[in-house]
Amino acid sequence: MKHGFRPLFYPRSVAIVGASSNPGYSVGGQPLRSLATFGFKGAVHPVNPKYEVLNDLPCYPAVGKVPRPCDLALVAVAASRVPGVIRECGAAGIPFAVILSSGFREIGEAGATLQQQVAEAARQSGVRVIGPNCQGIMNLATRMFAGFGVAFQRPDLQSGPVAMVTQSGGFGYSLVTRASDVGIGFNYVVSIGNECDVSTLDLLEYLLELDEVEVLTAYIEGIKDGRRLLAIGERALALRKPILVWKVGNSDSGRRASASHTANLTSDATVYRAAFRQGGFIEIGEVHELIDFSRGFLSRKLPRGRNVTVITSSGGAGVLLADRCDEAGFRLPPPADATRGRLREFMPEFASVANPVDVTAELSGDPAALNRAVAAFLDDPATDQVIVYRGNVTGTIGRTWATGLGAVAAGSDKPILVSLLQEQSRDALQVFNEHRISWFPTPGRAAAAAAALMKFSDKLAHHARRAGRHVPRQEIGWGNASGTLGEFRSKRVLAAYGIRGVRETLHSPAELAALQESPLRFPLAVKIESPDIPHKSEAGAVRVGIGDLDASKKAAEEVLESVRRHAPAARIDGIILQEMAAGTEVIVGVVNDAYFGPVIVLGLGGIFAEVLGDVTHRCAPVDLHTARTMIRELKGHKVLLGARGRPEADLEALADTVSRLSWLAWDHADRIAEIDVNPLFVGPAGGGAVAADALIVLGKPALDAGGGSR
């Protein structure tokens, strides 16, 4: 993949099929003008039988007449002609085509049929296709503006080490122009369109491997292969390259009816978010975040920890930054004694040398003094990042200060983030861009960028600590079963993967009625075992706190009668006698997503999960370290740490259960649709975790059913 798309971005020549003499508005005219006049060094070949010459260039009547070699065709003809043009490109030896034409899947069934014809033409001809219905591609390093729209008429767009793949051409290219205007340059930009051939994931894989790409960005509405997206995220961590991803279309438009609570706690947006947590992705949701986070990562420096030092020329700005840093999970430690001593050598007695550090108005105009303060904290072992706020600085003073700060930054591997007014500080900003010092127009945006750097650093550390599987794969005799398994059988499956359930026995109604003594210790729960009653409470199919054998028999009669009234056709496999469990209630489950595969869900039980939505997700499988991280992500995790005199819960047992459940779902993803363990009781430290109720929903068996395939 590393070299497979190179002719797309570095074509020796470009054919414009459907070229036009109108450079202002025509889809076929704009790229002819920009490719011919904006600095592209390759040959440009307009193709249109109506003309012999366009823009002083020979115009060819057909693709087959274009001089060779030609690596890229821009297609701007009527949609109905596009399949034929793609075949012509194949016959002419043109390996890539970017289809600017619209009128395909986006317009409905007729367009979708035409798009299938384009895809088939691409397969038959061997031409790799971007689009259709896309805005084009850019390689700003070679000044290749191969598309149409406002951005393609901007020869001043900056080149730089950021790349983008966008599923929205108009919005994506507006981001590029906005970033360029404030000093963030892109090298490669691709509007992917309807993706009838080359996909977003294809290009993310390719661009990620390029040495000249330091930050990869993606604007995504949806993808079709979630596991591949996860693999790209893993590769990004291995390469230590962040992927800034803007996922849109996240509103929950309703989920399918589901048998389990777990599925009701999972939406398309949460599944994507789980995938982004696991790899080298940093989520963004605003234009300024793409700009700010790119600027932060282009410093090529990452923090080692969560300690931030704030240096300001304004006490109010220091308080604001302290608030923003606290919200982001940073610590603002006081300076070490040695650092405090260095500061006192040049700072006024009345200046604050705590953290935040206020250099006061007396020193704010002294570039050397401000930079000495920064250098002192960069040398302080307790500092991982430095945020500097300065209201504005103009002219020679600004350039002198920025140049000195650049020299200070060059001597440290710790990030420096500067907040100052953009309009009044252009000389300083130019120097900062040259030295790759991150700057931001507001204090809050500087703190948010520092948080993004910290998050990526945490991901790298997590990636380094991750372990392999500690749960051996187990064969499960699924047979031809499908649909919902009863609780008793579901727990037997969990037990095969080492997930402990409460002690319980299964009896027919007659066997239970004939019992002379209880097989279990009281108090007990009495439940119906039925694959057709997934939610026992709603059917009146459970009784708890049963204290003796006679009460157990009476409870069994009651639940049988309730089920017959609630669901007369329900299959009854027996009555479960179950010992009562105690501990902190947790819900753990799995939903097998069509694109991402099994997704593990963890939340505290009761209202925490159902009402407050206090749940976290990961794509399976997860190791123990990841499971521990999931526990810490819960808003109510302090309940597990022991609140109001309660003992700390067995967090290791909970992490172990989460990991084991994820491996069960992963190993048997071809059969398992959902798993719901609710509640899982987590005992005090050393007491383990035990499943009080469980539900497994199977999909339809494959033709060669009998075991998992992953």
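The values are calculated or read from the model by the stated rules, or taken from the named source; none is laboratory data. The shown structure was predicted, so the numbers you read here are calculated from the model rather than taken from an experiment. Neighbour counts are summed over all protein chains in view; Cβ atoms, including those assigned to glycine, are modelled from backbone coordinates with ideal geometry. Surface accessibility is based on the protein's heavy atoms, side chains included, excluding ligands, DNA and RNA. Shrake-Rupley method; radii C 1.70, N 1.55, O 1.52, S 1.80 Å.
Out of the residues in the stretch 593-650 meeting the condition of being acidic (Asp, Glu) and more than 21 Å from Ala464 (Cα to Cα), tell me which one is farthest from the chain's Cα centre (by Cα). Across the stretch 593-650, the extreme among qualifying residues is Glu648. For the stretch 213-229, taking the residues that are touching a strand residue (DSSP E or B) at 6+ places or on another chain (Cβ under 6 Å) and either assigned to a loop (DSSP other than H, G, I, E, B) or of a type in the set (S, T, N, Q) (or both), the one that is farthest from Val287 (Cα to Cα) is identified as Val213. Summed over the stretch 201-212, residues that are under 17 Å from Gln278 (Cα atoms) and not in a helix (DSSP H, G or I) total 0.
Quick grid of which residues meet (1) of a type in the set (Gly, Ala, Ser); (2) modelled with pLDDT of 95 or more; (3) in a helix (DSSP H, G or I):
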| site | (1), (2), (3) |
| --- | --- |
| Ala655 | yes, yes, yes |
| Leu661 | no, yes, yes |
| Ala669 | yes, yes, no |
| Pro679 | no, no, no |
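Which one is surrounded by the most Cβ atoms within 10 Å (Cβ to Cβ) among residues in the stretch 630-653 that are of a type in the set (Gly, Ala, Ser) and assigned to a helix (DSSP H, G or I)? Checked the stretch 630-653; the qualifying residue surrounded by the most Cβ atoms within 10 Å (Cβ to Cβ) is Ala653.
Within the stretch 566-580, being in a loop (DSSP other than H, G, I, E, B) and either modelled with pLDDT under 90 or open to solvent by less than 30 Å² (accessible area, probe 1.4 Å) (or both) holds for Ala567, Ala570. Of all residues in the stretch 298-320, those that are open to solvent by 10 Å² or more (accessible area, probe 1.4 Å), in contact with a helix residue (DSSP H, G or I) (Cβ under 9 Å, 6 or more places away or on another chain) and in a loop (DSSP other than H, G, I, E, B) total 8. One residue is enough: does the stretch 128-143 have a residue meeting the conditions crowded, with 24+ Cβ neighbours inside 10 Å and polar (S, T, N, Q)? Yes, that holds for at least one residue.
The residues on offer are Thr177, Thr142, and the sole one that is at pLDDT 95 or above, under 26 Å from Gln430 (Cβ atoms) and not in a loop (DSSP other than H, G, I, E, B) is Thr177.
If only one of Phe186, Phe171, Phe148, Phe152 is aromatic (Phe, Trp, Tyr), modelled with pLDDT of 95 or more and open to solvent by 30 Å² or more (accessible area, probe 1.4 Å), which one is it? Within the list Phe186, Phe171, Phe148, Phe152, the selection yields Phe148. In this structure, Ala627 does not satisfy being in contact (Cβ under 8 Å) with a residue 60 or more places away in the chain, open to solvent by less than 10 Å² (accessible area, probe 1.4 Å) and farther than 30 Å from Asn480 by Cβ. Of everything in the stretch 44-65 that is over 20 Å from Phe148 (Cβ atoms) and out of contact with any Cys (no Cβ under 8 Å at 6 or more places or on another chain), the residue that is modelled with the lowest pLDDT is Asp56.
Here is a yes/no grid of residues against (1) at pLDDT 95 or above; (2) in contact with a Pro (Cβ under 8 Å, 6 or more places away or on another chain); (3) open to solvent by less than 60 Å² (accessible area, probe 1.4 Å); (4) not aliphatic (A, V, I, L, M):
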position: Leu230; (1), (2), (3), (4): yes, no, yes, no
position: Leu239; (1), (2), (3), (4): yes, no, yes, no
position: Ile243; (1), (2), (3), (4): yes, no, yes, no
position: Lys247; (1), (2), (3), (4): no, no, yes, yes
position: Ser253; (1), (2), (3), (4): no, no, no, yes
position: Arg256; (1), (2), (3), (4): no, no, no, yes
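Residues that are farther than 30 Å from Glu286 by Cβ and polar (S, T, N, Q) were ranked within the stretch 448-495; the one that is most open to solvent (accessible area, probe 1.4 Å) is Asn480.
When Gly93 is tested against the conditions (1) open to solvent by 20 Å² or more (accessible area, probe 1.4 Å); (2) small (Gly, Ala, Ser); (3) on the phi < 0 side of the Ramachandran plot; (4) without any contact (Cβ under 8 Å) to a residue 60 or more places away in the chain, the lone failure is (3). Looking across Phe488, Phe456, one residue alone is among the aromatic types (Phe, Trp, Tyr) and either farther than 30 Å from Pro242 by Cβ or modelled with pLDDT under 95 (or both). It is Phe488. Looking only at the stretch 280-297, decide whether some residue is assigned to a loop (DSSP other than H, G, I, E, B), in contact with a His (Cβ under 9 Å, 6 or more places away or on another chain) and buried (at least 19 other Cβ atoms within 10 Å of the Cβ). Scanning the stretch 280-297 turns up at least one residue that is assigned to a loop (DSSP other than H, G, I, E, B), in contact with a His (Cβ under 9 Å, 6 or more places away or on another chain) and buried (at least 19 other Cβ atoms within 10 Å of the Cβ).
Residues of the stretch 548-565 that are surrounded by fewer than 16 Cβ atoms within 10 Å (Cβ to Cβ) and within 14 Å of Leu524 (Cα to Cα): Asp548, Asp550, Lys554.
If you go through the stretch 145-174 and keep only what is among the aliphatic types (A, V, I, L, M) and outside any loop (DSSP other than H, G, I, E, B), you end up with Ala146, Val150, Ala151, Val162, Ala163, Met164, Val165. Scanning the stretch 581-603 for residues that are within 30 Å of Ala231 (Cα to Cα) and not in a strand (DSSP E or B) turns up Ala594, Tyr595, Phe596. Considering the stretch 399-439, the residues that are open to solvent by 70 Å² or more (accessible area, probe 1.4 Å) and under 20 Å from Ser294 (Cβ atoms) include one that is modelled with the lowest pLDDT, namely Arg426.
Close Cβ contacts (under 8 Å, 6 or more residues apart or on different chains) running from residues in the stretch 595-607 that are within 21 Å of Gly636 (Cβ to Cβ) to residues that are assigned to a strand (DSSP E or B) and of a type in the set (Lys, Arg) comprise Val599/Arg618; Ile600/Arg618.
Residue-wise test of (1) under 18 Å from Pro31 (Cβ atoms); (2) acidic (Asp, Glu); (3) over 35 Å from the mean Cα position of the chain (by Cα); (4) open to solvent by 30 Å² or more (accessible area, probe 1.4 Å).
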residue: Pro69; (1), (2), (3), (4): no, no, yes, yes
residue: Leu72; (1), (2), (3), (4): yes, no, no, no
residue: Ala76; (1), (2), (3), (4): yes, no, no, no
residue: Ser80; (1), (2), (3), (4): no, no, yes, yes
residue: Glu88; (1), (2), (3), (4): no, yes, yes, yes
residue: Ala97; (1), (2), (3), (4): yes, no, no, no
residue: Glu109; (1), (2), (3), (4): no, yes, no, yes
residue: Thr113; (1), (2), (3), (4): no, no, no, yes
residue: Ala119; (1), (2), (3), (4): no, no, no, no
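In the stretch 506-524 there is at least one residue matching the filter, namely being more than 28 Å from Glu234 (Cα to Cα), open to solvent by less than 40 Å² (accessible area, probe 1.4 Å), touching a residue at least 60 places away in the same chain (Cβ under 8 Å) and not polar (S, T, N, Q). Taken together, the residues in the stretch 211-224 that are within 17 Å of Asn592 (Cα to Cα) and either touching a helix residue (DSSP H, G or I) at 6+ places or on another chain (Cβ under 6 Å) or buried (at least 20 other Cβ atoms within 10 Å of the Cβ) (or both) amount to 1.
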